[in-house]
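These notes concern the structure reproduced below.
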Amino acid sequence: MATETVDRREFLTGLAAGGLLLVVSTTGCRRVQDDLRRLARRPDGPKAGDALFTPAVYLRIADNGDVTVIVHRSEMGQGIRTSLAMAVADDLEADWSRVRVEQAPGDEKTYGGQDTDGSHSIKDFLIPMRQAGATGRAMLEAAAAQQWGVPVTEVKAQHHQVLHASSGRALDYAALVAIAKTLPVPAKETLRLKPASEFHLIGKEIPMLDLMDMTTGRAHYGIDQRMDGMKFAVIARPPVYGGTVATVDSTAAEHVSGVERIVRLDHTPPPSGMLPAGGVAVIATSTWAAIQGRNALKITWNDGPNNSYESTAYRAQLEESVRGPGRIGRSQGHTTSALAHAARHLSADYYLPHLAHAPMEPESALALVRDGRCEVWAPTQNPQDARDQLAKLLGISAENVRVNVTLLGGGFGRKSFPDFILEAALLSRAIGAPVKVMWTREDDLQHDFLHTVAVERLEAGLDARGAVTAWLHRSALPSIGSTFAANVLYQDEGETGQGMTDLPYAIPNVQVEAGPATAHTRIGWYRSVINIPHAFAIGSFIDELAHAAGKDSKDFILELLGPDRTVDMANVGVTGKEFNYGATFAEYPIETARLRGVVELAANESGWGAPVPAGHGRGIAVHRSFLSYVASVVQVQIMPDGSIAIPRVDVAIDAGFIAHPERVRSQLEGATIMGLGNALLSEITFKDGRVVQSNFDGYRVMRMDAAPREIHVHIVPSDGKPGGVGEPGVPPTAPALCNAIFAATGRRIRQLPVAAQLSHGERRAPIA
């Protein structure tokens, strides 16, 4: 389902499980009876919640009045199942205690886009979900009016009942389903969405439906899936990207108790796309037996051309790349001349290493391939890509593939790639039984689709008053596109459009360039994607310019923003295709007043400008990403042993209309902790083409005792179009942290992680 079709929906109704089924459709009406007959031919027959049309989401009302919302987005702790169900239930006037949620399987023809990535679930589906609820409400009201023989204008749905005020009569939804399902579906243009003044769920502090099970250990994740007769598998994958198996001696592995089969998986040469890397699988009666069998394998690898990949040498290559001209992404004014004639010319290089996603739940998938059909159960962010790739790889129709989406124990973009799902299906086909592929933490870190490594070079010219007159930004990093196509050396418009070409500041001369960078490992999507390196460099450099100009950092940012305005992206010299996170700039313009607003809000709430104790410092940064505006103020404390503590972080977000504030705060808190952990501790390095780190002793993430003592999230009230929430909190965190370190110590941090520049501490990152 293309994004532009979201608001061109028609509503359908039909029978399912004896109740009323309401569907948001992207393609128009089809006969319900035809779909029921089609499903009746399935071996397992029709089931409640089965895909009957071509919708994006279902609303089902049972004969007893209970409501089920079938959500087509993946739940990984962000609360999307709750938020979308709230949207339906509010406009349905449903009793929240009688609302249940079901997870949709992957099926593009039925559901449209299901990739839970890019922070666009609420942006794209809040209104369609509300329309589904409003349709149900209208039909139930019409049913009550018919039963009472009164005009529909005299009745009103309220809290799972329809009321007739003048007579005092009331009917529960259960009493109305039988009539409602016989009525025509109201035209979309006749629907009445509730005004905000009548909301009882949307915008309210509603606890997340899955939270209790998640926090008490009852939640059932992908890694928890079981099936009678299933086997367990672990895989020895090539340690170098593009490597192959030269020889394998499985004699010892075959003698490990519980090991049943050794299976070779075909090699996938770079660019590998979403396919598995290949290798040797050990299939056993338990995960432990499979791991022990893998340990007993004797494999000789052909490493291929990427065996020389080494992090220090590669950093030098990126630094050389940004020293010279690159591919121009934006050219406004006369930057070279302005830099040459500036009163002061400043420059700085910034380095960021590879990052691993490292979700708490490593990759796993259960697959059953039999009789020309495939069914899998997996924690996937993108069930449709998984379905398509499975069909192609197995040589069967997509109609014969079902991808069941489980809860995800973290994703961050990693689980948009279905390689681990494909592995399970290939192995199931090979042995004719259900197979569950298990990844260990070592597998997860050493065979990830890593966040890219980057070098960012910034130059600026200041006039005699300290105003910025020229800005040059050169960036070199392996593009995500290199995972999917050969000879990709440059960032594409979507990558340079994440902070570089969409630079919002009132600078007359701006030049943005991307330098060449060859990929030597798989590069993937990561929470906030290429905003991470761009925002770190921009936010840090602005603080350096403020200091050079002798100005307060917050005031300098506001001065750079210039007068409140909508940035005219058509006339700032951007080359190539427009990129605005799936929207047009007409729909979601860059508004400097909103940037100013979050800067001022975060600064005011943090006590910006007030004295801090000795050894403390505050830093600030702001960034627009995923159609939202976020500013962060981080306060650091340099401890007597030279380590860093973080007493407080203030985060302000303007994401337009907020449907579920409790989840927004949670997302911003999590993004802050992730951003701080990335900046202080996390780093993937390579030697001889291999990932050096293998577990959390080497790849460090933020522990509880190192987390900020306080995180305060400040939400800007707005009736504007909703923007993204899950990702925009990450980019400004690292520059705000490093700017705070400078304020406390006078030391500039231009490379991450901070801890890598000094001796490694166990709990806190040392700085001095």
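Which of the residues that make up the stretch 521-559 are on the phi > 0 side of the Ramachandran plot and in contact with a helix residue (DSSP H, G or I) (Cβ under 7 Å, 6 or more places away or on another chain)?
none
With the structure loaded, tell me whether ALA178 is surrounded by fewer than 19 Cβ atoms within 10 Å (Cβ to Cβ) and not in a loop (DSSP other than H, G, I, E, B) or whether it fails that test.
yes
Go through the stretch 90-118 and give me each residue that's of a type outside the set (S, T, N, Q), over 21 Å from the mean Cα position of the chain (by Cα), part of a helix (DSSP H, G or I) and crowded, with 17+ Cβ neighbours inside 10 Å.
Result: ASP90, ASP91, LEU92, TRP96, ARG98.
Quick one: in the stretch 295-323, which of the residues that are more than 25 Å from VAL234 (Cβ to Cβ) and acidic (Asp, Glu) is surrounded by the fewest Cβ atoms within 10 Å (Cβ to Cβ)?
GLU320
Please go through the stretch 235-259 and pick out each residue that is within 24 Å of THR483 (Cα to Cα) and surrounded by 15 or more Cβ atoms within 10 Å (Cβ to Cβ).
Result: ILE235, ALA236, ARG237, PRO238, PRO239, VAL240, TYR241, GLY242, GLY243, THR244, VAL245.
Just one of the numbered conditions (1) surrounded by fewer than 24 Cβ atoms within 10 Å (Cβ to Cβ); (2) assigned to a loop (DSSP other than H, G, I, E, B) is not true of GLY723; which one?
The single condition GLY723 does not satisfy is (1).
Report yes if ALA56 is buried (at least 24 other Cβ atoms within 10 Å of the Cβ), at pLDDT 90 or above, on the phi < 0 side of the Ramachandran plot and among the hydrophobic types (A, V, I, L, M, F, W, C), otherwise no.
no
Mind checking whether some residue in the stretch 64-71 is crowded, with 24+ Cβ neighbours inside 10 Å, hydroxyl-bearing (Ser, Thr, Tyr) and either within 24 Å of GLU205 (Cβ to Cβ) or more than 17 Å from the chain's Cα centre (by Cα) (or both)?
no
Can you tell me which residue within the stretch 599-629, out of those that are touching a Ser or Thr at 6+ places or on another chain (Cβ under 9 Å) and β-branched (Val, Ile, Thr), is farthest from GLY582 (Cα to Cα)?
Going through the qualifying residues, I end up with ILE620.
Residues ALA187, ALA170: which one is surrounded by 15 or more Cβ atoms within 10 Å (Cβ to Cβ) and either under 23 Å from ASP63 (Cβ atoms) or free of Cβ contacts under 8 Å to residues at least 60 places away in the same chain (or both)?
The match here is ALA170.
From ALA365, ALA391, ALA398, which residue is of a type in the set (A, V, I, L, M) and buried (at least 24 other Cβ atoms within 10 Å of the Cβ)?
Result of the check over ALA365, ALA391, ALA398: ALA365.
Take the residues in the stretch 205-225 that are free of Cβ contacts under 8 Å to residues at least 12 places away in the same chain and part of a loop (DSSP other than H, G, I, E, B), then tell me which one is surrounded by the fewest Cβ atoms within 10 Å (Cβ to Cβ).
GLY217
Does ALA87 qualify as being hydrophobic (A, V, I, L, M, F, W, C), assigned to a helix (DSSP H, G or I), touching a Lys or Arg at 6+ places or on another chain (Cβ under 6 Å) and at pLDDT 90 or above?
When the stated conditions are applied, ALA87 passes them.
Mind listing whichever residues of the stretch 449-480 are surrounded by fewer than 24 Cβ atoms within 10 Å (Cβ to Cβ) and of a type in the set (Asp, Glu)?
GLU459, ASP463
Within the stretch 487-522, track down each residue that is among the aliphatic types (A, V, I, L, M), within 24 Å of the chain's Cα centre (by Cα), crowded, with 23+ Cβ neighbours inside 10 Å and within 21 Å of ARG624 (Cβ to Cβ).
MET500
Would you check if VAL713 is surrounded by 24 or more Cβ atoms within 10 Å (Cβ to Cβ), outside any helix (DSSP H, G or I) and over 19 Å from the mean Cα position of the chain (by Cα)?
Judged against the criteria, VAL713 is not a match.
Are there any strands (runs of 3 or more DSSP E) wholly within the stretch 412-480 with 2 or more residues that are touching a Phe, Trp or Tyr at 6+ places or on another chain (Cβ under 7 Å), and if so which?
435-438, 454-462
I need the full set of residues from the stretch 161-195 which are within 15 Å of GLY65 (Cβ to Cβ) and touching a Ser or Thr at 6+ places or on another chain (Cβ under 9 Å), in order please.
ALA180, LYS181 - these are the residues of the stretch 161-195 that are within 15 Å of GLY65 (Cβ to Cβ) and touching a Ser or Thr at 6+ places or on another chain (Cβ under 9 Å).
Being in a helix (DSSP H, G or I) and buried (at least 16 other Cβ atoms within 10 Å of the Cβ) is true for just one of ALA593, ALA570, ALA546, ALA583. Which residue is that?
Testing whether each residue is in a helix (DSSP H, G or I) and buried (at least 16 other Cβ atoms within 10 Å of the Cβ) leaves just ALA546.
Please state which one of PHE199, PHE232 is surrounded by fewer than 17 Cβ atoms within 10 Å (Cβ to Cβ) and among the aromatic types (Phe, Trp, Tyr).
PHE199
Of the residues that sit in the stretch 144-160 and are touching a residue at least 24 places away in the same chain (Cβ under 8 Å) and touching a Phe, Trp or Tyr at 6+ places or on another chain (Cβ under 9 Å), which one is farthest from ILE61 (Cα to Cα)?
Of everything passing the filter in the stretch 144-160, ALA157 is farthest from ILE61 (Cα to Cα).
The values are calculated or read from the model by the stated rules, or taken from the named source; none is laboratory data. Nothing here was measured: the structure is a model prediction, and the numbers come from that model. Reconstructed Cβ throughout: ideal geometry from the backbone, glycine too, with neighbour counts over all protein chains shown.
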